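Reading through the structure tokens given below for one structure.
What follows draws every value from the coordinates through simple rules; no lab data is involved. Since the structure is predicted, the reported quantities are computational estimates derived from the model, not experimental observations. Glycine gets a Cβ as well: all are built from the backbone with ideal geometry, and neighbour counts include every protein chain shown.
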Amino acid sequence: MLEAFLTSTMTMATPILLAALGELMVEESGLINIGIEGAMLSGAFFALAAAYFGGSTVLGLAAGIGSGIAINAIFALMVVNLAVNQVVAGTALDILALGLTGVFYRKFFGVTGSSFMVKSMARLPLGPLANIPLLGRAFFDHNALVYFSFALVPVVAYMLRRTRYGLRLRAAGERPDAADALGLDVYRLRWQALIVSGALTGLAGAFLTLAYANTFVENISAGRGFVALSVVILGRWSSWGLAAASILFGAAMALQFAMQALGTAIPYQLFLALPYALTVIVLATVGGQVAAPSALGEPYSRS
Amino acid sequence: MLAARAITRRFGRTLALDGVDFEAHAGEIHALLGENGAGKTTLMNVIAGATRPNSGEVTLDGAALNAGSPQEALKAGIAAVHQSPMLFERMSWEENLALGGFGRRGRYDLRAVAAEAAALASQLGLKLPPPRAILEQRSVSERVRLELLRALSFEPLVLILDEPTSVLAPSELAGFLELLERLRAEGRIVVWITHKLAEARAAADRITVLRQGRVVARAISPETPERELAQLMLGELAPPDAAAIPKGGSGQSVLLLDNLLLIEDGRSIIDGLTLELSGGEITGLAGVDGNGQTELVELLARVRTPSGGSIRLSARTEAAEIAVIPQDRDHDGLVLDMTLWENLLLEPGLRERFTNGSWLDVAKARALGADVIARYKIRAASPDALAAELSGGNRQRLEVARAMSLKPKVIIAHNICRGLDLAATADVHRALVDFAAAGGAVLLISSDLDELLALCGRLFVISRGKIRETEPAERTPERLGLLMAGAWS
Ligand SMILES: Nc1ncnc2c1ncn2[C@@H]1O[C@H](COP(=O)(O)OP(=O)(O)O)[C@@H](O)[C@H]1O
Ligand SMILES: [Mg+2]
């Protein structure tokens with residue numbers, strides 16, 4: 001029981017962590033991308049479509065990444081080059097992705113409701129580690145994306161705090177005008193952050209269809225993009241904090257399954273609401289102005 | 001040779017630069033002199049690539065620079081130190097310098113950046129903050145020094161300094177001039193933007209004067225008499241005379257600071273400060289930045305609570321009758337992306353006056369804005385102009401106007417004329433003097449001795465959080481300089 005709970009926690013944490021790490025880079029560069037939900041959803045859809053019709057998981061992952069990048073490129077064009085309000089642009093993309101994936105799904109896969117399953121991504125047990133009692137199955141017997149997302153945590157931490165590139169990215173989010181005066185290309189830095197984030201968010205979406213549900217249903221991301229946004233706040237804009245917060249949200253989702261399985265008298269809808277309630281509580285209490293980049297969400301255009 | 005030719009730049013309806021030609025030669029300190037709003041900063045931004053001109057071009061040694069590209073300007077060797085520091089406040093000073101020319105090669109290592117910076121700083125006689133210190137906790141003058149250091153890290157052929165001395169303490173000035181002379185000896189070009197005549201005459205090899213976006217005197221000699229330069233800067237307007245200064249107050253005490261204490265992290269910042277302010281008088285408080293002035297202002301503004309002692313109002317004074325004008329006006333005093341009239345209403349007393357029930361009387365507030373524009377000679381298109389569109393002097397006029405509109409009994413003003421030109425300084429001084437003459441009490445906290453000596457009845461010196469009243473015999477710049485350096489505390 002506990003093993004299943006821990007395994008499920010890691011599985012649920014993975015897409016959130018992937019999306020949150022991408023969003024962290026975007027926010028350090030000074031943008032806030034509410035469209036992350038839409039990028040995840042389209043990643044989920046196109047990953048499934050490519051994997052189903054192309055018959056290959058790798059093709060599916062590539063399509064997920066590609067569509068995440070495409071959605072973020074539209075966002076970048078709007079907010080970086082045209083200085084559109086970021087909340088408006090992000091919300092528009094969320095609605096667009098929800099509508100388009102729904103329409104495409106019915107068009108490509110018919111309205112019969114019969115599910116189009118794909119093979120789940122292969123598990124890669126990590127040798128003897130996977131044989132440790134209890135913990136082995138829970139932490140070291142997952143597919144490659146789970147390992148990848150957690151391996152990314154120190155990489156992003158290092159990139160942001162210990163490299164010249166990370167310093168420049170943070171400079172763009174701290175004071176874009178000063179970064180510009182020092183010869184940094186703020187537009188390019190922000191585009192780069194959004195492209196990387198698009199890839200990671202698309203991958204998070206692909207994880208949902210190729211490794212978790214093995215099929216697509218409308219709105220399969222179900223707010224996980226928004227959860228990733230609050231994970232960035234709860235994690236205080238630190239990669240390690242993001243990992244911890246993702247696990248917390250993953251655990252809340254896993255708990256909901258465990259409780260359903262146990263068949264308690266409490267209506268299961270209450271547990272379904274748990275992660276969302278946690279999001280609201282986090283946003284309302286932690287706030288997070290102190291650790292946020294100074295120019296977060298402010299449109300910037302060169303004079 | 002640096003040359004800007006026929007530069008024109010418009011901001012909406014404002015013609016900031018109108019066909020400006022400017023030239024500076026290798027190995028000279030060239031002063032760019034002008035009133036507030038004359039277009040000096042805009043010209044600097046055009047040269048440094050931060051602002052794209054509507055027309056005209058900039059060349060360095062004959063090669064034209066790509067307009068509006070800071071990268072290219074930096075690569076060509078043009079570095080600028082801005083009037084309000086272009087720094088990353090939430091980062092450490094090492095990170096700020098790493099974004100400049102320090103530690104650009106090899107592995108990214110902040111210790112290497114600090115070492116390179118320390119080497120340059122010790123050559124220049126500048127002191128660096130402690131390792132890893134975050135900028136927002138450092139003083140304004142420290143930040144300006146860091147920005148200067150960062151600009152020098154690019155080893156620029158052209159160094160443009162926008163009003164650098166307005167944030168330097170008098171004691172730092174000599175070292176600063178020495179530094180500029182060294183740069184000149186190395187064959188670099190120093191463009192020094194200032195509105196202080198005396199400074200330009202003392203240090204520059206040649207002077208170019210801007211007035212309302214036009215060059216009115218090109219590369220003239222620093223021997224040009226002050227009066228003549230003032231005429232060039234101000235046009236027909238002669239520099240205003242100092243108004244009649246009320247000395248010796250009415251004796252009516254309005255505010256008493258009694259043995260005030262502020263202790264932070266075990267350090268005493270304000271150390272047993274006792275001071276009585278009375279109506280009809282400007283009381284001066286001289287000091288080098290960072291000796292507790294900022295904290296004192298925050299105590300008086302009730303942003304902080306004292307660790308001991310008290311701030312007592314006389315029976316007829318209310319807390320709302322103390323108006324505070326803080327020094328860092330962009331951060332503390334004005335909200336730049338609000339309009340002029342909205343900024344006036346940031347003052348609770350004024351907001352109350354323009355509120356009916358829960359409705360704001362916008363028309364009346366606008367009318368006050370228009371009145372303030374006329375009365376305090378604020379150069380703004382309308383009360384709906386954003387504070388961000390105002391030049392430094394006009395922002396300061398707006399702050400003074402807001403404080404005065406409250407009809408307070410006490411005004412606390414901190415470095416109120418820092419960075420202002422002659423006309424704005426005179427206007428602000430006159431407003432303070434008129435206020436005192438009408439029975440108000442003023443506490444003028446400043447590091448500008450000329451200002452203090454000209455305006456103040458009683459004059460105190462603050463050093464390490466302690467204050468001391470000066471005797472009339474001590475009121476010479478030399479003696480006051482020693483006292484400010486803490487010769488007694
Ligand atoms: N970004 C801007 N937007 C609108 N007006 C501006 C802007 N920058 C400068 N101005 C206007 O251009 C004129 C010249 O300003 P500036 O170059 O800052 O003068 P100075 O540095 O000599 O005080 C002023 O009237 C100012 O209000
Ligand atoms: Mg200026």
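Too long at a 25 Å Cα-Cα cut-off: which of B:K75/B:K127; B:K40/B:K196; B:K196/B:K409; B:K377/B:K409; B:K75/B:K196? Over 25 Å Cα-Cα: B:K75/B:K127; B:K196/B:K409; B:K75/B:K196. Kirkwood radius for chain A, taken over all pairs of different Cα atoms as the inverse mean of 1/r, rounds to 19.6 Å. Averaging the sequence gap over all C-alpha pairs within less than 8 Å and six or more residues apart, then dividing by the number of residues, gives chain A a relative contact order of 37 percent. Taking other Cβ atoms within 10 Å as a rough exposure proxy, A:W191, B:W488 sort from fewest to most as B:W488, A:W191. 3J(HN,Hα) along segment A:16-33, derived from phi through the Karplus expression 6.51 cos²θ - 1.76 cosθ + 1.60 where θ = phi - 60°, amounts to 5, 5, 4, 5, 5, 5, x, 5, 4, 4, 4, 5, 4, 7, x, 10, 10, 10 Hz, with x in place of Gly and Pro. Under a crude label model (7 Å from the Cα following the beta-carbon direction), how far is B:D337 from A:R162 in nanometres? Each label point is offset 7 Å from its Cα along the Cβ direction, giving 3.6 nm. Here the calculated FRET efficiency for B:R107 and A:L274, from their Cβ-Cβ distance with R0 = 56 Å, stands at 0.80, rounded to the nearest 0.05. Quick check: the distance between the Cα centres of segment A:63-77 and segment B:124-168, to the nearest angstrom? The distance from the Cα centre of segment A:63-77 to that of segment B:124-168 comes to 41 Å. The share of Cα pairs per 5 Å bin across segment B:334-406, counted from zero up to the longest distance, runs 3, 19, 33, 27, 13, 4, 1, 0 percent.
Scanning residues 5 or more positions from B:R211 or on other chains, those with amide H under 5 Å from its amide H are B:V216, with H placed 1.01 Å from N in the peptide plane.
Counting other C-beta atoms within 10 Å, and keeping those with at most 16, which DSSP coil chymotrypsin sites (Phe, Trp or Tyr not before Pro) do you find in segment A:1-109? Working shown, then result.
Details: sites: A:F5, A:F45, A:F46, A:Y52, A:F53, A:F75, A:F104, A:Y105, A:F108, A:F109; in loops: none.
When the chymotrypsin sites (Phe, Trp or Tyr not before Pro) of segment A:1-109 are filtered for loop state and at most 16 Cβ neighbours within 10 Å, nothing remains.
Computed from backbone phi with θ = phi - 60° and the Karplus coefficients 6.51, -1.76 and 1.60, the 3J(HN,Hα) list for segment B:389-405 is 7, 7, 6, x, x, 6, 5, 5, 4, 5, 5, 5, 4, 5, 4, 5, 4 Hz; x is used for glycine and proline. GNM on chain A, alpha-carbon springs under 10 angstrom: the most fluctuating residue among A:E28, A:E218, A:E37 is A:E218. About its Cα centre, the dipole of segment B:334-406 is roughly 280 debye, where the only charges are +1 on Lys and Arg Cβ and -1 on Asp and Glu Cβ.
In this Cβ point-charge picture (+1 for Lys and Arg, -1 for Asp and Glu), chain B has a dipole of about 540 debye about its Cα centre.
With both labels modelled 7 Å from their Cα along Cα-to-Cβ, the A:R123 to B:S310 distance reads 7.4 nm.
Both radii are taken from the alpha-carbon atoms of chain B; with Rh as the Kirkwood radius, Rg/Rh is 0.97. For chain A, set up a GNM with springs between Cα atoms under 10 Å and report which of A:L129, A:L278, A:L248 has the largest fluctuation. In the Gaussian network model the winner is A:L129. Listed by chain and number, the aspartates and glutamates placed with their C-alpha closer than 18 angstrom to that of A:K119 are A:D141; residues fewer than eight positions away on the same chain are left out. Angle of helix A:57-76 to the longest C-alpha principal axis of chain A, folded into 0 to 90 degrees and rounded to 10: 30°.
Among A:T57, A:T264, a tally of other beta-carbon atoms within 10 Å of each Cβ gives an order, fewest to most, of A:T264, A:T57. Note on A:T91 and B:R267: their simple-model spin labels are 4.7 nm apart, each label 7 Å out from Cα toward Cβ. Converting the Cα gyration tensor eigenvalues of the protein assembly as shown into ellipsoid dimensions via √(5λ) gives semi-axes, longest first, of 56, 32, 26 Å. Counted over segment B:2-234 with a bin width of 5 Å, the fraction of Cα pairs per bin, in whole percents, is 1, 7, 14, 18, 19, 17, 12, 7, 3, 1, 0, 0.
Computed from backbone phi with θ = phi - 60° and the Karplus coefficients 6.51, -1.76 and 1.60, the 3J(HN,Hα) list for segment B:182-187 is 5, 4, 5, 4, 7, x Hz; x is used for glycine and proline.
In this structure, the amide hydrogen of B:I189, modeled 1.01 Å from its nitrogen in the peptide plane, lies closer than 5 angstrom to those of B:G27, B:V158, B:L159, counting only residues at least 5 positions away or on a different chain.
Once divided by 2.2 N^0.38 Å, the Cα radius of gyration of segment B:92-216 becomes 1.14. Cβ crowding within 10 Å ranks A:R188, B:R379 as A:R188, B:R379, fewest other Cβ atoms first.
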